[in-house]
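A quick write-up on the structure given underneath.
Computed from the coordinates by the stated procedures, all read-outs in this text should not be read as laboratory data. Owing to the predicted nature of the structure, the values given are computational and were not obtained by experimental measurement. Neighbour counts run over all protein chains shown; Cβ positions are idealised from the backbone, glycine included.
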């Protein structure tokens, strides 16, 4: 075999590797941008559905603990809530949420806050939304 054959095939192999690496870069970039956007829109959709289909109730904050995490300079806290909704016995859930700093004073131990609850699964923390004003 001549040296021209090996030189030509290595050039095609190099071009193939470059194309493959560019394709992988594009896929990773699109996924790293697209997945968080999809996740945020999905959370917004669930919150909107809860506001439409949920049942209004109230919750007493039994415990409040800082998780040490901040999202957009707002603290992420863990709360133990006692939920009271019509036609259900009071029950407790542990909910982790990011609270705006300006609303943090509304969520203190012993305070009562309005909530919306999805009665299809009322004990699931994602099916309970705080209505802070």
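Observations on the model:
- In the elastic network of the chain, a GNM with C-alpha springs shorter than 10 Å, the most mobile of 86, 97, 15 is 15.
- Protection proxy ranking of 17-27, 75-85 - average other beta-carbon atoms within 10 Å, highest first: 75-85, 17-27
- One decimal place: the segment residue 111-residue 27 gains 25.5 nm when fully extended, by the rule 0.36 nm per residue minus the C-alpha distance.
- Residue-averaged [θ]222 nm for the chain, counting only DSSP H segments that reach four residues, each worth -39500 (n - 2.57): -14500 deg cm²/dmol
- At an R0 of 30 angstrom, the distance between the Cβ atoms of residue 82 and residue 49 translates into a FRET efficiency of 0.80.
- Cα gyration tensor shape of the stretch 12-78, rounded if a/c is under 1.5, else prolate or oblate by comparing a/b with b/c: oblate
- Rg and Dmax of the stretch 55-130, based on Cα coordinates, read 12.1, 38 Å.
- For the chain, the spread of Cα coordinates along the three principal axes comes to 85, 31, 22 Å, biggest extent given first.
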